[in-house]
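Okay, structure first, notes after.
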Amino acid sequence: MYGIMVYPVLSSSSEHFFLIQAYQGFQAYCTLPQGVIAITSMKTTVIKNIANTSQGLKILPKAYRHLMAQSVASLTPKIQNAGFDALIAKLNHELAAKNLIHLNIETYFGDEWFCPDQTTAIAIPFWLADDRLRAIERTLVGFVEGETDEEFIRLLRHEAGHCVEHAYRLSRRKDWREVFGNPNIKYDPEFVATIPGAPDFVVNLSGGYAQTHPEEDFAETFAVVINPQSNYRKIYQSKSVALKKLVFVEKILAECAQKKPRALSTRKISNARRMKRSLESYYQTRLRRQTQSTLLN
Ligand SMILES: [Zn+2]
């Protein structure tokens with residue numbers, strides 16, 4: 001998946017660039033063309049000069065600095081050796097509980113959380129592979145998406161939603177579009193304004209991710225429907241639009257269970273085990289991209 005963050009830039013110049021990363025819990029308001037956006041969160045991370053120079057390396061614990069010169073591929077184990085088996089089995093169990101037993105979903109280490117277009121593959125970011133990589137991610141980015149088992153399974157469910165949508169071509173259905181909207185709308189994953197707590201949307205991941213695109217809206221709704229602990233009929237009983245989405249997804253999943261899915265590729269786009277670039281190069285590109293996105297918006 002793509003991260004949703006709004007980055008209020010406090011001040012910038014070529015020499016000193018301060019960026020406040022706002023995510024879960026930080027309280028801020030930014031005025032954007034789309035309107036006034038409230039971000040509710042608690043943590044902030046200040047990253048100084050990190051996007052344009054290698055200064056960021058200096059804030060890494062010494063024990064990890066030497067890893068930055070190594071290739072991403074050399075640091076990435078096989079997914080089977082990373083200790084995620086129980087969580088992946090949990091996802092498969094939840095899919096089986098909905099009788100979605102013919103899906104061929106494959107997981108692998110990529111460079112972020114996502115499901116490649118028209119595949120039933122799920123990329124799990126390589127920086128979750130071990131403690132050292134998680135520590136580097138936390139230092140340079142400020143947080144580690146999917147670090148806890150609870151967050152990990154929520155992300156897996158979300159990406160599985162994309163796999164199901166691809167395998168059954170759900171977004172081509174007229175009734176799907178009536179509920180979630182036109183899936184062909186333009187999508188800027190780097191910068192999306194959302195309104196926390198918007199009642200018409202289902203929340204699986206924190207923030208307002210469902211608001212970013214009809215396909216994300218579906219994936220978030222799917223994730224809540226397959227979560228055996230979601231108790232969604234009670235939680236969303238007073239939110240009629242969100243509840244309608246949940247009931248609709250439950251209904252189409254029952255239909256899917258009767259059909260064979262399309263046999264799709266499980267092509268591993270951005271396969272971390274094939275990335276020859278160094279870890280330093282990976283972070284420089286990623287953080288530069290985030291910064292440019294901030295400045296552009
Ligand atoms: Zn998604």
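Worth a mention:
- Some residue of the range 232-252 being within 16 Å of the ligand (Cβ to nearest atom) and of a type in the set (Ser, Thr, Tyr): no
- Unmet criterion (only one of (1) more than 19 Å from Thr120 (Cα to Cα); (2) within 16 Å of the ligand (Cβ to nearest atom); (3) modelled with pLDDT of 95 or more) for Arg277: (2)
- Residue within the range 199-221 that is among the aliphatic types (A, V, I, L, M) and away from the ligand (no atom under 16 Å from the Cβ) present: no
For every residue, the table says whether it meets (1) under 30 Å from His102 (Cβ atoms); (2) not in a loop (DSSP other than H, G, I, E, B).
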{"residue": "Pro116", "(1), (2)": "yes, no"}
{"residue": "Arg134", "(1), (2)": "no, yes"}
{"residue": "Leu140", "(1), (2)": "no, yes"}
{"residue": "Glu145", "(1), (2)": "yes, no"}
{"residue": "Leu155", "(1), (2)": "yes, yes"}
{"residue": "His166", "(1), (2)": "yes, yes"}
{"residue": "Ser171", "(1), (2)": "yes, yes"}
{"residue": "Asp175", "(1), (2)": "yes, yes"}
{"residue": "Val203", "(1), (2)": "yes, no"}
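- Exactly one residue among Ala73, Ala51, Ala63, Ala69 is surrounded by 12 or more Cβ atoms within 10 Å (Cβ to Cβ), modelled with pLDDT under 95 and more than 30 Å from Gln258 (Cβ to Cβ), and that residue is Ala51.
- Checked against the criteria, Leu140 does not count as in contact (Cβ under 8 Å) with a residue 60 or more places away in the chain and under 16 Å from Val224 (Cβ atoms).
- Top-ranked residue of the range 239-292 - restricted to ones that are among the charged types (D, E, K, R) and outside any helix (DSSP H, G or I), ranked as farthest from Thr76 (Cα to Cα): Lys239
- You will find that of Leu100, Leu75, Leu67, the residue that is under 16 Å from His162 (Cα atoms) and among the hydrophobic types (A, V, I, L, M, F, W, C) is Leu100 and no other.
- Count of residues meeting criterion [of a type in the set (S, T, N, Q), touching a helix residue (DSSP H, G or I) at 6+ places or on another chain (Cβ under 9 Å) and touching a residue at least 12 places away in the same chain (Cβ under 8 Å)] in the range 208-261: 3
The values are calculated or read from the model by the stated rules, or taken from the named source; none is laboratory data. The structure presented is a predicted model; accordingly, all values stated were derived computationally and were not measured. Here Cβ is always computed from backbone atoms with ideal geometry, including for glycine, and neighbour counts include all displayed protein chains.
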